[in-house]
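Remarks on the structure that follows.
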Amino acid sequence: MTNPITVEVTRGNRVESRHRGMAVVVDGDGKVVFSAGDIEAATFPRSACKAMQALPLIESGAADAFGFGDKELALACSSHSGEDEHVVLAALMLARADTDSDALECGAHWSADQKTLIHQARTLQVPISLHNNCSGKHSGFVCTCVHTGYAVEGYVEYDHPLQRDIRAIMEGLTGAVLDADHCGTDGCSIPTYAVPLKGLAHGFAKMATGQGLEPVRAKASRRLIDACMAEPFYVAGTGRACTKMMEIAPAKIFAKTGAEGVFCAVLPEQGLSIAVKAEDGASRAAEAMICALLARYFEKDSAEQAGLLAMANKPMHNWNGRHVGDVRVTDVLFG
């Protein structure tokens, strides 16, 4: 199946680049409300599924045992920019479990955000694991291991008890078989699983609505989604797409990006979930796609819809500030 062109990039009066993609909107029962492209295609959700991976933190009792509130839970679901607030909070989470950054197995890297990177370069000799965009998630993993008695060392490995727990949770949510044949290694070293895009969206719809979930999981799922909506800065960071979407419609949108052009979002009030994948892995295309689809479900001409459409269709400026072209979604996403 050939996926449709969902996003175009113009320069002058011509289309310079085109992005093909897949997109799906489902409800809590798994009914497809909208689709474009091959929604059954196996897709690595990458960081877009971090809220699913954070469920053991709550279900094990670790979050309550260590006194974690919305900020900590949001950080556990985050791909943060490595800003000072993110780094400090990740360290505090680990301290609650009487451990530190030496326990993290995510690796270290400089921030991908230019302003944060400049700040880091001025204040650090080298980044440490706390600066990794996944350090919040990994701090949640370490805290879960400490609380449950799982070995901390090796918590990123496929056969570690925590990763087995996460695998079972994701299978239950997505309905997909997640085994070694469907497994790859993510940038932060944990297993990542290829699942159908439709199944990924359905999993988030279940988390938002509680439909088809046991009460404990339904409660934990909604607690994570609510925490992220309450503290969007800790999900991503200053000026980041996830944060901006949730700030446009407070308590009405949960949004989470993943590498290689994946984006997921939830509209809790409507009981709907959205998942998109830019076929070429372009983040700019995935961001435009998810914003356009979110805008469909807000009142026409409302401030929320206008804000989302402005993110979906945005001008490009050169270094002199001149308007040189636009990123724009195609009619495929409005069918």
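With the structure loaded, tell me whether L333 is at negative phi, modelled with pLDDT of 95 or more, touching a Leu at 6+ places or on another chain (Cβ under 9 Å) and surrounded by 14 or more Cβ atoms within 10 Å (Cβ to Cβ) or whether it fails that test. Judged against the criteria, L333 is not a match. Checking the structure you have, find out if any residue of segment 284-302 is among the aromatic types (F, W, Y), modelled with pLDDT of 95 or more and surrounded by fewer than 24 Cβ atoms within 10 Å (Cβ to Cβ). The answer is yes, given that some residue of segment 284-302 is among the aromatic types (F, W, Y), modelled with pLDDT of 95 or more and surrounded by fewer than 24 Cβ atoms within 10 Å (Cβ to Cβ). Given the criteria among the polar types (S, T, N, Q), over 18 Å from G199 (Cβ atoms) and more than 14 Å from the chain's Cα centre (by Cα), does T238 qualify? Considered against the rule, which asks whether it is among the polar types (S, T, N, Q), over 18 Å from G199 (Cβ atoms) and more than 14 Å from the chain's Cα centre (by Cα), T238 comes out as yes. Note on segment 274-283: residues that are assigned to a loop (DSSP other than H, G, I, E, B) and open to solvent by 50 Å² or more (accessible area, probe 1.4 Å) amount to 2. Taking V327 as meeting all but one of (1) closer than 21 Å to R14 by Cα; (2) among the aliphatic types (A, V, I, L, M); (3) surrounded by fewer than 19 Cβ atoms within 10 Å (Cβ to Cβ), write down the number of the exception. All conditions are met except number (3). Restricting attention to segment 1-27, the residues that are touching a residue at least 12 places away in the same chain (Cβ under 8 Å) and over 19 Å from I290 (Cβ atoms) total 6. Just a yes or no: is a residue in segment 135-153 farther than 30 Å from A91 by Cα, crowded, with 21+ Cβ neighbours inside 10 Å and not polar (S, T, N, Q)? No, the conditions are met nowhere in segment 135-153. Those residues that are within 24 Å of D38 (Cα to Cα) and among the charged types (D, E, K, R), I need them from segment 272-310; list them, please. Scanning segment 272-310 gives K277, E279, D280, R284, E287, R296. Taken over segment 116-130, the residue count meeting the criterion of being open to solvent by 20 Å² or more (accessible area, probe 1.4 Å) and in a helix (DSSP H, G or I) is 6. The set of residues in segment 304-332 that are in contact (Cβ under 8 Å) with a residue 40 or more places away in the chain and either out of contact with any strand residue (DSSP E or B) (no Cβ under 6 Å at 6 or more places or on another chain) or among the polar types (S, T, N, Q) (or both) comprises E304, G307, L308, M311, T330.
Filtered by the rule that a residue be assigned to a loop (DSSP other than H, G, I, E, B) and on the phi < 0 side of the Ramachandran plot, segment 284-321 gives R296, Y297, F298, E299, K300, S302, N313, N318, W319, N320. Residue count for segment 241-284, restricted to those that are free of Cβ contacts under 8 Å to residues at least 24 places away in the same chain and not hydrophobic (A, V, I, L, M, F, W, C): 5.
Just so you know, in segment 58-78 the residues that are hydrophobic (A, V, I, L, M, F, W, C) and in contact with an Asp or Glu (Cβ under 9 Å, 6 or more places away or on another chain) include one that is farthest from D226 (Cα to Cα), and it is F66.
The values are calculated or read from the model by the stated rules, or taken from the named source; none is laboratory data. A quick note: this is a predicted structure, and the numbers were derived from the prediction, not measured. All Cβ positions, glycine included, derive from the backbone under ideal geometry; neighbour counts span all protein chains shown. Each accessible area value is taken on the protein alone, full model and side chains, heavy atoms only, with ligands, DNA and RNA left out. Shrake-Rupley method; radii C 1.70, N 1.55, O 1.52, S 1.80 Å.
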